[in-house]
Amino acid sequence: MTWLSSFWRSSIGGKVTMAVTGVLLFGFVVAHLLGNLQLLKGPDAINSYAKMLHDLGPLLWVMRIGLLVVFLLHVVTAIRLSRANKAARPVAYAKEATMQASLASRSMVLSGLSLLAFIVYHLLHFTFGITNPDHMARKAAGAGGHDVYSMVTASFANPAIATAYAAFQLVLFLHLNHGLQSFAQTIGFHHGRYTPMIKQLSFLLAALVAGGNVCLALSVQLGIVKGAA
Ligand code: HEM
(Lines give C-alpha, C1' and ligand atoms only; values in the text may rest on other atoms or scores of the structure.)
Protein backbone atom coordinates (compact mmCIF):
# COMPACT_ATOMS: atom_id res chain seq x y z
CA MET A 1 0.00 0.00 0.00
CA THR A 2 2.92 2.38 0.66
CA TRP A 3 4.04 2.33 -2.97
CA LEU A 4 0.44 3.00 -4.01
CA SER A 5 0.15 6.01 -1.73
CA SER A 6 3.58 7.35 -2.80
CA PHE A 7 2.53 6.90 -6.44
CA TRP A 8 -0.72 8.79 -5.75
CA ARG A 9 1.26 11.57 -4.03
CA SER A 10 3.67 11.96 -6.97
CA SER A 11 2.83 14.48 -9.68
CA ILE A 12 2.53 11.82 -12.43
CA GLY A 13 0.57 9.51 -10.09
CA GLY A 14 -1.91 12.34 -9.44
CA LYS A 15 -2.33 12.94 -13.16
CA VAL A 16 -2.82 9.22 -13.88
CA THR A 17 -5.41 9.03 -11.05
CA MET A 18 -7.27 12.00 -12.55
CA ALA A 19 -7.20 10.39 -16.01
CA VAL A 20 -8.36 6.93 -14.87
CA THR A 21 -11.09 8.18 -12.50
CA GLY A 22 -12.12 10.83 -15.06
CA VAL A 23 -12.60 8.28 -17.82
CA LEU A 24 -14.59 6.00 -15.47
CA LEU A 25 -16.86 8.93 -14.52
CA PHE A 26 -17.25 9.80 -18.19
CA GLY A 27 -18.31 6.16 -18.79
CA PHE A 28 -20.91 6.52 -16.03
CA VAL A 29 -22.30 9.78 -17.47
CA VAL A 30 -22.59 8.18 -20.95
CA ALA A 31 -24.26 5.02 -19.57
CA HIS A 32 -26.59 7.15 -17.42
CA LEU A 33 -27.59 9.22 -20.45
CA LEU A 34 -28.21 6.11 -22.59
CA GLY A 35 -30.46 4.75 -19.82
CA ASN A 36 -32.29 8.07 -19.38
CA LEU A 37 -32.90 8.34 -23.13
CA GLN A 38 -35.38 5.46 -22.65
CA LEU A 39 -37.67 8.28 -21.50
CA LEU A 40 -38.21 9.14 -25.18
CA LYS A 41 -39.58 5.62 -25.80
CA GLY A 42 -42.24 5.99 -23.12
CA PRO A 43 -43.10 4.92 -19.56
CA ASP A 44 -42.63 1.17 -20.03
CA ALA A 45 -39.13 1.50 -21.45
CA ILE A 46 -37.70 3.76 -18.73
CA ASN A 47 -39.56 2.09 -15.87
CA SER A 48 -38.41 -1.38 -16.96
CA TYR A 49 -34.86 -0.06 -17.26
CA ALA A 50 -35.09 1.37 -13.69
CA LYS A 51 -36.54 -1.93 -12.43
CA MET A 52 -33.75 -3.91 -14.11
CA LEU A 53 -31.20 -1.73 -12.27
CA HIS A 54 -32.98 -2.09 -8.91
CA ASP A 55 -33.28 -5.87 -9.43
CA LEU A 56 -29.49 -6.08 -9.49
CA GLY A 57 -29.82 -5.86 -5.68
CA PRO A 58 -26.42 -6.14 -3.93
CA LEU A 59 -24.58 -5.72 -7.25
CA LEU A 60 -26.21 -2.30 -7.66
CA TRP A 61 -24.84 -1.34 -4.23
CA VAL A 62 -21.35 -2.54 -5.21
CA MET A 63 -21.62 -0.36 -8.34
CA ARG A 64 -22.89 2.64 -6.34
CA ILE A 65 -20.09 2.34 -3.76
CA GLY A 66 -17.55 1.91 -6.58
CA LEU A 67 -18.88 5.06 -8.25
CA LEU A 68 -18.67 6.98 -4.96
CA VAL A 69 -15.06 5.85 -4.36
CA VAL A 70 -14.03 6.80 -7.92
CA PHE A 71 -15.81 10.17 -7.55
CA LEU A 72 -14.16 10.94 -4.18
CA LEU A 73 -10.75 9.95 -5.52
CA HIS A 74 -11.28 12.31 -8.50
CA VAL A 75 -12.25 15.24 -6.25
CA VAL A 76 -9.57 14.69 -3.56
CA THR A 77 -6.81 14.26 -6.17
CA ALA A 78 -7.98 17.40 -8.01
CA ILE A 79 -7.77 19.41 -4.77
CA ARG A 80 -4.29 18.00 -4.00
CA LEU A 81 -2.96 18.78 -7.51
CA SER A 82 -4.46 22.25 -7.51
CA ARG A 83 -2.81 23.02 -4.13
CA ALA A 84 0.52 21.64 -5.33
CA ASN A 85 0.28 23.80 -8.48
CA LYS A 86 -0.39 26.91 -6.43
CA ALA A 87 2.51 26.18 -4.08
CA ALA A 88 4.88 25.72 -7.04
CA ARG A 89 3.71 28.85 -8.89
CA PRO A 90 6.40 31.52 -9.46
CA VAL A 91 5.56 35.09 -8.46
CA ALA A 92 4.99 36.12 -12.07
CA TYR A 93 4.35 33.93 -15.08
CA ALA A 94 7.35 33.75 -17.36
CA LYS A 95 5.36 32.45 -20.33
CA GLU A 96 1.88 32.99 -21.63
CA ALA A 97 1.44 29.21 -22.06
CA THR A 98 1.96 28.70 -18.31
CA MET A 99 -0.65 31.35 -17.58
CA GLN A 100 -3.13 29.71 -19.96
CA ALA A 101 -2.54 26.27 -18.39
CA SER A 102 -3.15 27.75 -14.94
CA LEU A 103 -6.38 29.45 -16.07
CA ALA A 104 -7.59 26.19 -17.61
CA SER A 105 -6.89 24.21 -14.43
CA ARG A 106 -8.54 26.92 -12.31
CA SER A 107 -11.64 26.77 -14.52
CA MET A 108 -11.65 22.97 -14.11
CA VAL A 109 -11.72 23.41 -10.32
CA LEU A 110 -14.59 25.90 -10.68
CA SER A 111 -16.64 23.79 -13.10
CA GLY A 112 -15.89 20.70 -10.97
CA LEU A 113 -17.21 22.43 -7.84
CA SER A 114 -20.33 23.57 -9.73
CA LEU A 115 -20.90 19.98 -10.89
CA LEU A 116 -20.52 18.80 -7.30
CA ALA A 117 -23.30 21.24 -6.32
CA PHE A 118 -25.44 19.91 -9.21
CA ILE A 119 -24.89 16.28 -8.18
CA VAL A 120 -25.84 17.03 -4.54
CA TYR A 121 -29.05 18.73 -5.78
CA HIS A 122 -29.70 15.90 -8.28
CA LEU A 123 -29.39 13.21 -5.58
CA LEU A 124 -31.67 15.17 -3.22
CA HIS A 125 -34.11 15.49 -6.13
CA PHE A 126 -34.25 12.04 -7.79
CA THR A 127 -32.50 9.58 -5.44
CA PHE A 128 -33.63 10.77 -1.99
CA GLY A 129 -36.79 12.61 -3.09
CA ILE A 130 -36.18 15.47 -0.67
CA THR A 131 -36.56 18.52 -2.94
CA ASN A 132 -39.79 17.31 -4.60
CA PRO A 133 -41.25 14.44 -2.53
CA ASP A 134 -44.48 14.57 -4.58
CA HIS A 135 -42.52 13.53 -7.72
CA MET A 136 -41.17 10.43 -5.97
CA ALA A 137 -44.45 9.36 -4.42
CA ARG A 138 -45.89 7.52 -7.44
CA LYS A 139 -45.21 3.82 -7.85
CA ALA A 140 -44.97 2.30 -11.32
CA ALA A 141 -47.97 0.18 -12.18
CA GLY A 142 -46.94 -3.41 -12.85
CA ALA A 143 -43.20 -2.71 -12.91
CA GLY A 144 -43.00 -2.03 -9.15
CA GLY A 145 -40.52 0.48 -7.71
CA HIS A 146 -40.59 4.18 -8.50
CA ASP A 147 -42.44 5.49 -11.50
CA VAL A 148 -39.32 7.08 -12.96
CA TYR A 149 -41.26 8.26 -16.05
CA SER A 150 -43.74 10.26 -13.92
CA MET A 151 -40.94 11.47 -11.67
CA VAL A 152 -38.85 12.85 -14.54
CA THR A 153 -41.74 14.26 -16.60
CA ALA A 154 -43.34 15.96 -13.56
CA SER A 155 -39.95 17.49 -12.74
CA PHE A 156 -39.08 18.73 -16.21
CA ALA A 157 -42.59 20.11 -16.73
CA ASN A 158 -41.54 22.70 -14.15
CA PRO A 159 -39.69 25.43 -16.14
CA ALA A 160 -37.43 26.32 -13.20
CA ILE A 161 -36.23 22.70 -12.78
CA ALA A 162 -35.83 22.18 -16.55
CA THR A 163 -33.81 25.43 -16.82
CA ALA A 164 -31.60 24.50 -13.84
CA TYR A 165 -30.81 21.09 -15.36
CA ALA A 166 -30.15 22.61 -18.80
CA ALA A 167 -27.90 25.32 -17.33
CA PHE A 168 -25.77 22.75 -15.49
CA GLN A 169 -25.26 20.90 -18.76
CA LEU A 170 -23.24 23.88 -19.99
CA VAL A 171 -20.93 23.41 -16.98
CA LEU A 172 -20.82 19.66 -17.68
CA PHE A 173 -19.90 20.42 -21.30
CA LEU A 174 -17.02 22.74 -20.27
CA HIS A 175 -15.70 20.22 -17.74
CA LEU A 176 -15.89 17.23 -20.11
CA ASN A 177 -14.45 19.16 -23.04
CA HIS A 178 -11.33 20.14 -21.13
CA GLY A 179 -11.18 16.87 -19.12
CA LEU A 180 -11.18 14.70 -22.25
CA GLN A 181 -8.35 16.80 -23.76
CA SER A 182 -6.33 16.47 -20.53
CA PHE A 183 -6.98 12.72 -20.52
CA ALA A 184 -5.59 12.42 -24.06
CA GLN A 185 -2.52 14.41 -23.02
CA THR A 186 -1.89 12.27 -19.92
CA ILE A 187 -1.98 9.06 -21.95
CA GLY A 188 0.57 10.58 -24.30
CA PHE A 189 -1.39 12.01 -27.24
CA HIS A 190 0.17 15.43 -27.45
CA HIS A 191 1.76 15.23 -30.80
CA GLY A 192 1.17 18.43 -32.79
CA ARG A 193 -0.52 16.43 -35.56
CA TYR A 194 -3.16 14.89 -33.28
CA THR A 195 -3.92 17.90 -31.06
CA PRO A 196 -6.55 19.51 -33.36
CA MET A 197 -8.24 16.12 -33.85
CA ILE A 198 -8.29 15.46 -30.10
CA LYS A 199 -9.76 18.93 -29.50
CA GLN A 200 -12.54 18.28 -32.04
CA LEU A 201 -13.29 14.80 -30.69
CA SER A 202 -13.42 16.07 -27.08
CA PHE A 203 -15.74 18.89 -28.15
CA LEU A 204 -18.01 16.46 -30.00
CA LEU A 205 -18.23 13.90 -27.16
CA ALA A 206 -18.82 16.60 -24.52
CA ALA A 207 -21.48 18.26 -26.71
CA LEU A 208 -23.26 14.92 -27.34
CA VAL A 209 -23.46 14.09 -23.62
CA ALA A 210 -24.49 17.56 -22.43
CA GLY A 211 -26.79 18.03 -25.47
CA GLY A 212 -28.45 14.65 -24.83
CA ASN A 213 -29.27 15.69 -21.26
CA VAL A 214 -30.62 19.06 -22.43
CA CYS A 215 -32.83 17.20 -24.98
CA LEU A 216 -34.43 15.24 -22.13
CA ALA A 217 -35.46 18.38 -20.25
CA LEU A 218 -36.44 20.15 -23.47
CA SER A 219 -38.53 17.23 -24.80
CA VAL A 220 -40.79 17.51 -21.74
CA GLN A 221 -40.96 21.32 -21.87
CA LEU A 222 -41.89 21.19 -25.59
CA GLY A 223 -44.53 18.50 -24.96
CA ILE A 224 -42.73 15.91 -27.14
CA VAL A 225 -42.60 13.68 -24.05
CA LYS A 226 -45.91 13.98 -22.24
CA GLY A 227 -46.42 13.65 -18.50
CA ALA A 228 -48.13 10.49 -17.21
CA ALA A 229 -51.88 10.84 -16.56
C1 HEM B 1 -31.49 15.16 -17.82
C2 HEM B 1 -30.55 14.53 -17.20
C3 HEM B 1 -30.69 13.49 -16.10
C4 HEM B 1 -31.77 12.74 -15.71
C5 HEM B 1 -33.18 12.71 -16.30
C6 HEM B 1 -31.33 11.92 -14.60
C7 HEM B 1 -32.12 11.04 -13.89
C8 HEM B 1 -31.76 10.34 -12.76
C9 HEM B 1 -32.64 9.52 -11.96
C10 HEM B 1 -34.10 9.28 -12.23
C11 HEM B 1 -31.89 9.00 -10.94
C12 HEM B 1 -32.39 8.11 -9.78
C13 HEM B 1 -32.08 6.67 -10.06
C14 HEM B 1 -32.68 5.82 -8.98
O15 HEM B 1 -32.30 5.97 -7.80
O16 HEM B 1 -33.55 5.01 -9.32
C17 HEM B 1 -30.55 9.51 -11.09
C18 HEM B 1 -29.48 9.19 -10.26
C19 HEM B 1 -28.20 9.67 -10.41
N20 HEM B 1 -27.76 10.57 -11.36
FE21 HEM B 1 -28.87 11.34 -12.85
N22 HEM B 1 -30.00 12.17 -14.36
C23 HEM B 1 -29.57 13.13 -15.26
C24 HEM B 1 -28.29 13.68 -15.37
C25 HEM B 1 -27.22 13.34 -14.55
C26 HEM B 1 -25.89 13.88 -14.69
C27 HEM B 1 -25.46 14.90 -15.74
C28 HEM B 1 -25.13 13.30 -13.70
C29 HEM B 1 -23.67 13.49 -13.37
C30 HEM B 1 -22.93 14.49 -13.77
C31 HEM B 1 -25.97 12.40 -12.95
C32 HEM B 1 -25.59 11.64 -11.88
C33 HEM B 1 -26.40 10.80 -11.15
C34 HEM B 1 -25.95 10.01 -10.03
C35 HEM B 1 -24.55 9.97 -9.46
C36 HEM B 1 -27.09 9.29 -9.56
C37 HEM B 1 -27.14 8.29 -8.42
C38 HEM B 1 -26.99 6.90 -8.98
C39 HEM B 1 -27.56 5.83 -8.07
O40 HEM B 1 -28.22 6.15 -7.09
O41 HEM B 1 -27.34 4.67 -8.36
N42 HEM B 1 -27.25 12.45 -13.51
N43 HEM B 1 -30.49 10.31 -12.21
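Brief remarks follow.
- Listed residues W3, W8, W61 arranged by accessible area, highest first, probe 1.4 Å: W3, W61, W8
- Maximal additional length on extending the L123-H32 stretch stands at 31.4 nm, based on 0.36 nm per residue less the C-alpha distance.
- Fully extended contour minus Cα-Cα distance, from L53 to A164, at 0.36 nm per residue: 37.3 nm
- For the listed residue pairs K15/K199; K41/K199; K86/K199, the alpha carbons are over 28 angstrom apart in K41/K199.
- Solvent accessible area, Å² - I119, 1.4 Å probe, full protein context: 60 Å²
- Selected from P58, P43, P159 as most flexible by GNM, with the chain as the system and alpha-carbon contacts under 10 Å: P58
- 3J(HN,Hα) along the stretch 188-200, derived from phi through the Karplus expression 6.51 cos²θ - 1.76 cosθ + 1.60 where θ = phi - 60°, amounts to x, 8, 10, 6, x, 5, 8, 3, x, 5, 5, 4, 5 Hz, with x in place of Gly and Pro.
- In order through the stretch 41-50: 3J(HN,Hα) via Karplus (6.51 cos²θ - 1.76 cosθ + 1.60), integer Hz, x for Gly, Pro: 7, x, x, 4, 4, 6, 5, 5, 4, 5
- In this structure, W3 and L204 have a Cβ-Cβ separation that, at R0 = 25 Å, corresponds to a calculated FRET efficiency of about 0.05.
- D55 accessible area, 1.4 Å probe, all protein chains in place, Å² to nearest 10: 100 Å²
- Accessible heavy-atom area order of L208, L81, highest first, probe of 1.4 Å: L208, L81
- Cα-based shape type of the chain, given that a ≥ b ≥ c are square roots of the gyration tensor eigenvalues and the cut on a/c is 1.5: prolate
- Accessible surface of the stretch 112-229 [probe 1.4 Å, protein heavy atoms]: carbon and sulfur percent: 71 percent
- Sequence-separation-based contact order of the chain, relative, with Cα cut under 8 Å and 6+ spacing, percent: 26 percent
- By a 1.4 Å probe calculation restricted to protein chains, F128 has an accessible surface near 130 Å², given to the nearest 10.
- What the Cβ-Cβ distance of Q185 and V69 gives, at R0 = 30 Å and to the nearest 0.05, is a FRET efficiency of 0.75.
- Charged side chains reduced to their Cβ positions (Lys and Arg at +1, Asp and Glu at -1) give the chain a dipole of some 700 debye around its Cα centre.
- Fluctuation leader among T186, T127, T153 - the chain, Gaussian network, Cα springs under 10 angstrom: T127
- Over the stretch 4-97, accessible surface divided per residue gives 66 Å², non-protein components excluded, 1.4 Å probe.
The values are calculated or read from the model by the stated rules, or taken from the named source; none is laboratory data. None of these values were measured; they are calculated from a predicted model. All Cβ positions, even for glycine, are placed from backbone atoms using ideal geometry, and neighbour counts span all protein chains on display. Please note that ligands, DNA and RNA were not included when accessible areas were found on the heavy atoms of the full protein model with its side chains. Shrake-Rupley method; radii C 1.70, N 1.55, O 1.52, S 1.80 Å.
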